[in-house]
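Input: a single structure, listed below in structure tokens.
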Amino acid sequence: MLIVPEREIAGLITSKAAFEAVEDVFAAMSSGDAYNFPVVREAIGHKDALYGFKGGFDRAGFTLGLKAGGYWPNNLEKHGLINHQSTVFLFDPDTGKPVAMIGGNLLTALRTAAASSVSIKYLARADAKVIGMIGAGHQATFQLRAALEQRAFEKVIGWNFHPEMLPNIEKVATEAGLPFEPVDLPGMAEADVIISITSAFSPSLMADHVSDGTHIACMGTDTKGKQEVEAALVARAKVYTDEVAQSVTIGEAQHAVTQGLLAESDIAQLGEVINGTDPGRTADAELTLFDGTGVGLQDLAVAAVVVDLAVKKGIAIEVDF
Ligand code: NAD
């Protein structure tokens, strides 16, 4: 069995490799070659932590396994650790034997950023110029970096519930040579693409804050009860997701569906657009929304890439297990 420790991940995988792995697995999910197992996510009643398992099997990429981990909201403040903690385990699909254990923290950020980036590639207008960020925490910086690779953006605007965190995303914009402007929520009307990545349980972005023709990637809502955008905004958009079953239960669309504003059958998988079986955006004025709930297969896909690279570079730790 191989171990690839967290400290090695940054030197192994590029955002381009993460993007391609996620794009491929979304396509495999839509063509029926890959499926996710039901998610287990529990409030464990200790340290306010949410802990769980996301797994799946990808026949095309030949990955089987799970990510175990979750969210400890006080980690950063009390322990100097990031709030997300996770580990990926891969198994041999032919025998069930464990193949590898891989640090999953950086991979989670990269695969989540890759998901919204894939959605921007396929759903945003080609001439998108202004990108709006809602959220300025750990994930937001990865999201913005990956998004900037997809279009010739000329400006970044941002809003955050805790405005003192906005310099986190300003730094990414500055590094990319782009101006950054803090805005209020109605100011998001200027954005051609909006990424929302917060841990909110009530909506910030309302239907009338967003202009026609915008692409919104809702990336923060991955649990029942969380909500970043008004249900009426989801209902106004053409909605895509990584996986419909998760979108309607733990994703952003859960609220619009519960309120009867959106039917499950109105939601399509992004993989269908990648595979060419769904047209995606059909007009510049169309509002598109990607409900990125985060699927286990994304984790397995990027972890498998990391294991291959670690073996090639001779840095995978081999244990007799
Ligand atoms: P973080 O703790 O570093 O940042 C939290 C962000 O949420 C900050 O911008 C903060 O200001 C904002 N926020 C907190 N309370 C808020 C409120 N009441 N209203 C509006 N904004 C509020 O967390 P992070 O690591 O950046 O993760 C952000 C979210 O993304 C979490 O909900 C996490 O579960 C989710 N996430 C989703 C996926 C996925 O695949 N979809 C993957 C990883 C993380």
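If you put +1 on each Lys and Arg Cβ and -1 on each Asp and Glu Cβ, how big is the dipole of the chain around its Cα centre, in Debye rounded to 20?
540 debye
Ranking 124, 265, 21 by how far each Cα lies toward the positive end of the dipole of the chain (charges on Cβ) leaves 21 at the top.
Database remark: amide H of residue 316 closer than 5 angstrom to the amide H of 311 (H placed geometrically; neighbours at sequence offset of 5 or more, or on other chains; Pro and chain starts carry no H). Across segment 124-294, the fraction of Cα-Cα pairs farther apart than 27 Å, rounded to a whole number, is 18%.
So, with +1 on the Cβ of K and R and -1 on the Cβ of D and E, and no other charges, what is the size of the charge dipole of segment 124-294 about its Cα centre, to the nearest 20 debye?
180 debye
Run down the aspartates and glutamates and flag those whose C-alpha is under 17 Å from the C-alpha of residue 313, throwing out any fewer than 8 positions away in its chain. Of all the aspartates and glutamates, those that pass the test against residue 313 - Cα under 17 Å, at least 8 places apart if same chain - are 6, 8.
Solvent-accessible surface (1.4 Å probe) assigned to residue 159 amounts to roughly 50 Å².
With helices as the sole contributors, the chain gives -10000 deg cm²/dmol at 222 nm; each DSSP H run of n ≥ 4 counts as -39500 (n - 2.57), and the sum is divided by every residue. Highest-first packing order for the peptide set 27-38, 166-177 is 27-38, 166-177, based on the mean count of other beta carbon atoms within 10 Å.
Taking θ as phi - 60° and the Karplus parameters 6.51, -1.76 and 1.60, the scalar couplings of segment 119-134 work out to 5, 5, 4, 8, 10, 6, 5, 4, 9, 4, 10, 10, 10, x, 10, 10 Hz in sequence order, x denoting glycine and proline. Heavy-atom surface analysis with a 1.4 Å probe gives segment 57-113 a carbon and sulfur content of 59 percent of its accessible area. Across segment 55-65, rounded Karplus estimates of 3J(HN,Hα) from the backbone phi angles (6.51 cos²θ - 1.76 cosθ + 1.60, θ = phi - 60°) give x, x, 9, 10, 5, 6, x, 6, 10, 9, x Hz, Gly and Pro being marked x.
Each of the peptides 136-149, 199-212 was scored by the mean count of other Cβ atoms within 10 Å over its residues; in descending order, highest first, they stand as 136-149, 199-212.
Please work out, to two decimal places, the log10 of the ratio I(q)/I(0) at q = 0.11 Å⁻¹ from a Debye calculation in which every Cα of the chain carries one identical scatterer. Debye curve over Cα of the chain, log10 I(q)/I(0) at q = 0.11 Å⁻¹: -0.64.
Number of Lys-Lys pairs in segment 60-216 with C-alpha atoms under 25 Å apart and a separation of 8 or more places or on different chains: 9.
Residues whose amide H comes within less than 5 Å of that of residue 63, counting only those at least five positions distant or on another chain, are 58 (H built at 1.01 Å from N in the peptide plane). Heavy-atom surface analysis with a 1.4 Å probe gives segment 232-321 a carbon and sulfur content of 53 percent of its accessible area.
Both the radius of gyration and Dmax for segment 58-139 are 16.9, 49 Å, in that order, over alpha-carbon atoms.
Counting Lys and Arg as +1 and Asp and Glu as -1 over every other residue whose Cβ lies under 15 Å from the Cβ of residue 97, the net charge comes to -4. Of the three principal axes defined by the Cα atoms of segment 107-187, the extents in descending order read 32, 30, 24 Å.
Along segment 79-93 the Karplus relation, 6.51 cos²θ - 1.76 cosθ + 1.60 evaluated at θ = phi - 60°, assigns HN-Hα couplings of 10, x, 10, 5, 6, 8, 10, 7, 9, 9, 10, 10, 10, 6, x Hz to successive residues, with x for each Gly and Pro. Close amide-amide hydrogen proximity is noted between residue 130 and 154, 192, 193, each under 5 Å apart and 5 or more residues distant or on a separate chain (H modeled in the peptide plane; Pro and chain starts excluded).
Counted over the chain, the DSSP beta bridges are approximately 50% antiparallel.
With all protein chains kept in place, the per residue accessible area of the chain amounts to 42 square angstrom at a probe of 1.4 angstrom. Candidates 307, 249, 233 compared by Cα position along the dipole of segment 220-313: farthest toward the positive end lies 307, with charges placed on Cβ.
The values are calculated or read from the model by the stated rules, or taken from the named source; none is laboratory data. This is a predicted model, so every value here is computed, not measured. Positions of Cβ are generated from backbone atoms using ideal geometry, with glycine treated the same way; all protein chains shown enter the neighbour counts. Ligands, DNA and RNA are stripped out before the accessible areas are found, and what is left, the full protein with its side chains, is counted by its heavy atoms. Shrake-Rupley method; radii C 1.70, N 1.55, O 1.52, S 1.80 Å.
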